[in-house]
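Chemist: Dropping the structure in here first, questions after.
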Amino acid sequence: MKDLEKSMTYPAPKMFIAGVWRGASNGASLPVINPATEEVIGQVPVATEADLEEAVAAAVAGFKIWRDVSAFERYRIMRKAAELMRSRSQEIIRNLTIEQGKPLAEATIETLACADVIDWLAEEGRRNYGRIVPARAANVQQLVIREPVGPVAAFTPWNFPLNQAVRKISAALATGCSVVIKAPEETPASVMALIAAFADAGVPDGVINLVFGVPAQISEYLIAHPDIRKISFTGSTAVGKQLAALAGLHMKRSTMELGGHAPAIIFDDADVDQAAKLLGFSKYRNAGQVCVSPTRFLVHENVYERFLEGFMAVAKNIKVGNGLDEGTNMGPLAHDRRIPAMETLVADARAKGAEIALGGERLNSKGYFFQPTVITNLPSDARILSEEPFGPLAPMIPFRDTEAMIEEANRLPYGLAAYAFTSATETRALLAKKVEAGMLTINHLGLALPEIPFGGIKDSGQGSEGGTEALDAYVNTKLVTEAI
Ligand code: NAD
């Protein structure tokens, strides 16, 4: 750790309601833990119902102001927030690593990418065009207007504290909506920094409100609240289904970015060494706690041994440790719940006859570290082949027949990301048509850029949080037809 980083202090977690940084009205709080050291680094407020009501009232007032701010002015303020994220990045990166665990290099990418997302959505807000539909009668004009949907309730997780939050907040701001965001209690400082950047850039009080607390209590309260007009959630499929059902009950629009179990398909005509290298790095990024993480490695039997060797070479070289330490490639899991989750899946695979080719154990006596793990010889009923590990576990499955492999790729209810490596044009066309996923990358791994769609199908969710599609979720279509 450099000297400057050592001299910085972790900020006291606070909520942000109606432009004021504050604790819970009854003083309640929960500890925030550094997952690399298990030290308590702060206390995050636990919102009361009165706090939530204040946050909604602020969002209602904020919406009235923000919806009338011109698209150009909103863009100008948002671009300034992006610049503030960049100029403050050193401290933000360090705090992100301390509270979430990821190595500084990954925290750097996330922080700078966060600024890029703001820029893109700010720009898109200026292009939130409606249209004129030619009328049947000569004296009629038909206007299709895109109006902001209203105050939004957003729920974001701890794996990419900045990037999960910025997509929702920026799309809402770009369209003229206000927000109450329940950010992750595990990683409050990152989201606080993001919201401070927006506030300091000139977003008026009440437009963005930040709360923490008991997730189920907050979502039940906010989703049912008559003043909240839209829900956006990123997290597990199980919770997403509950929240989408609740949103449906109250006739609220919802965007759901949920779990995945991405197949990574390697054909025997692929550049196998390159595929092994790219997928090896990708699997252990953020300790595997990534919704689009490659998860079922489906490898043609002709190149299985070679792929496995290349992948294992990457995995063996991963240095696991405190994300603040130089040379660390993989940090701890973000919280203690993830360790038994990994151990259970490994034990199940082992008990069913699989071979743990690498890792498989908790590491160190302090911190939530888990070894980069590779599992082979898996029977089809191993739980890891159907359940999202959300951690550093890589199950390898050889295949021979392409049709059967595509069936396996599509077997699960998930449909988020899929990856393939092949040099054959006709195979690429086949995959593009047959693989059931919201996102498919072929011969490279290039997802989650602000300008391309990001979202899943089937149990992986609904709606898109990237590309030009990102604004759609935050606008209502209004038809105005007039005789002139
Ligand atoms: P979890 O399901 O308890 O929590 C996941 C996220 O949802 C957390 O941020 C949590 O605060 C929030 N949450 C949980 N219940 C909620 C509710 N009733 N209302 C509102 N928010 C709620 O699981 P976890 O142990 O924290 O994480 C493990 C699982 O979560 C993983 O298996 C993975 O599927 C999922 N997850 C997905 C993403 C993603 O990017 N899609 C991110 C983080 C976690």
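Chemist: Look through segment 330-358, keep the residues that are assigned to a helix (DSSP H, G or I) and in contact with a helix residue (DSSP H, G or I) (Cβ under 7 Å, 6 or more places away or on another chain), and return whichever of them is farthest from residue 372 (Cα to Cα). Break it down into steps so the answer makes sense when it comes.
Modeler: Filtering segment 330-358 down to residues assigned to a helix (DSSP H, G or I) leaves 338-351.
Next cut, in contact with a helix residue (DSSP H, G or I) (Cβ under 7 Å, 6 or more places away or on another chain) only: 345, 348-349.
Values: 345: 14, 348: 17, 349: 16 Å.
Step by step, filter segment 330-358, then rank; the result is 348.
Chemist: Quick one: residue 331 ticks every box in (1) within 16 Å of the ligand (Cβ to nearest atom); (2) surrounded by 22 or more Cβ atoms within 10 Å (Cβ to Cβ); (3) over 25 Å from residue 32 (Cβ atoms) except a single one, so which number is it?
Modeler: The single condition residue 331 does not satisfy is (3).
Chemist: Please go through segment 155-186 and pick out each residue that is more than 16 Å from the ligand (Cβ to nearest atom) and farther than 21 Å from residue 107 by Cβ.
Modeler: First pass over segment 155-186, keeping only residues more than 16 Å from the ligand (Cβ to nearest atom): 170-178.
Scanning segment 155-186 gives 171, 172, 173, 174, 175, 176, 177, 178.
Chemist: Hey, another quick one. It is to be established whether one or more residues within segment 187-208 are at pLDDT 95 or above, assigned to a loop (DSSP other than H, G, I, E, B), farther than 19 Å from residue 43 by Cβ and within 16 Å of the ligand (Cβ to nearest atom). Spell out the reasoning first.
Modeler: Here is the first cut: in segment 187-208, the ones at pLDDT 95 or above are 187-208.
Then keep just the ones that are assigned to a loop (DSSP other than H, G, I, E, B); that gives 187, 202-207.
Subsequent filtering for residues that are farther than 19 Å from residue 43 by Cβ retains 202-207.
Those still in the list that are within 16 Å of the ligand (Cβ to nearest atom) too: none.
There is no residue in segment 187-208 that is at pLDDT 95 or above, assigned to a loop (DSSP other than H, G, I, E, B), farther than 19 Å from residue 43 by Cβ and within 16 Å of the ligand (Cβ to nearest atom).
Chemist: Still on this structure, please answer the following. So, in segment 67-99, exactly how many residues are over 26 Å from the mean Cα position of the chain (by Cα), assigned to a helix (DSSP H, G or I) and touching a residue at least 40 places away in the same chain (Cβ under 8 Å)?
Modeler: Within segment 67-99, the first condition is being over 26 Å from the mean Cα position of the chain (by Cα), and the residues that meet it are 67-73.
Applying the additional criterion that residues be assigned to a helix (DSSP H, G or I) yields 71-73.
Checking which are touching a residue at least 40 places away in the same chain (Cβ under 8 Å) leaves us with 71-72.
The qualifying residues number 2.
Chemist: While we're looking at this one, here's another question. Here are the criteria: (1) surrounded by fewer than 21 Cβ atoms within 10 Å (Cβ to Cβ); (2) in contact with a strand residue (DSSP E or B) (Cβ under 7 Å, 6 or more places away or on another chain). Tell me which single one residue 299 does not satisfy.
Modeler: (1)
Chemist: Only one of 228, 223 is part of a loop (DSSP other than H, G, I, E, B), within 16 Å of the ligand (Cβ to nearest atom) and modelled with pLDDT of 95 or more. Can you tell me which?
Modeler: Working: 223 fails: part of a loop (DSSP other than H, G, I, E, B).
Exactly one residue qualifies, and that residue is 228.
Chemist: Which ranges mark the helices (runs of 4 or more DSSP H) fully within segment 232-329 that have 3 or more residues being more than 25 Å from the chain's Cα centre (by Cα)? Show your work before the answer.
Modeler: Details: elements: 237-249, 272-284, 304-316.
So the answer is 272-284, 304-316.
Chemist: Still on this model: Pick from segment 38-63 the residues that are touching a Pro at 6+ places or on another chain (Cβ under 7 Å) and not in a helix (DSSP H, G or I): which of them is farthest from residue 367 (Cα to Cα)?
Modeler: 45
The values are calculated or read from the model by the stated rules, or taken from the named source; none is laboratory data. In this text the structure is predicted, and so the values were computed from the model without any measurement. Heads up, the Cβs are rebuilt from the backbone with ideal geometry, glycines too, and the neighbour counts pull from every protein chain shown.
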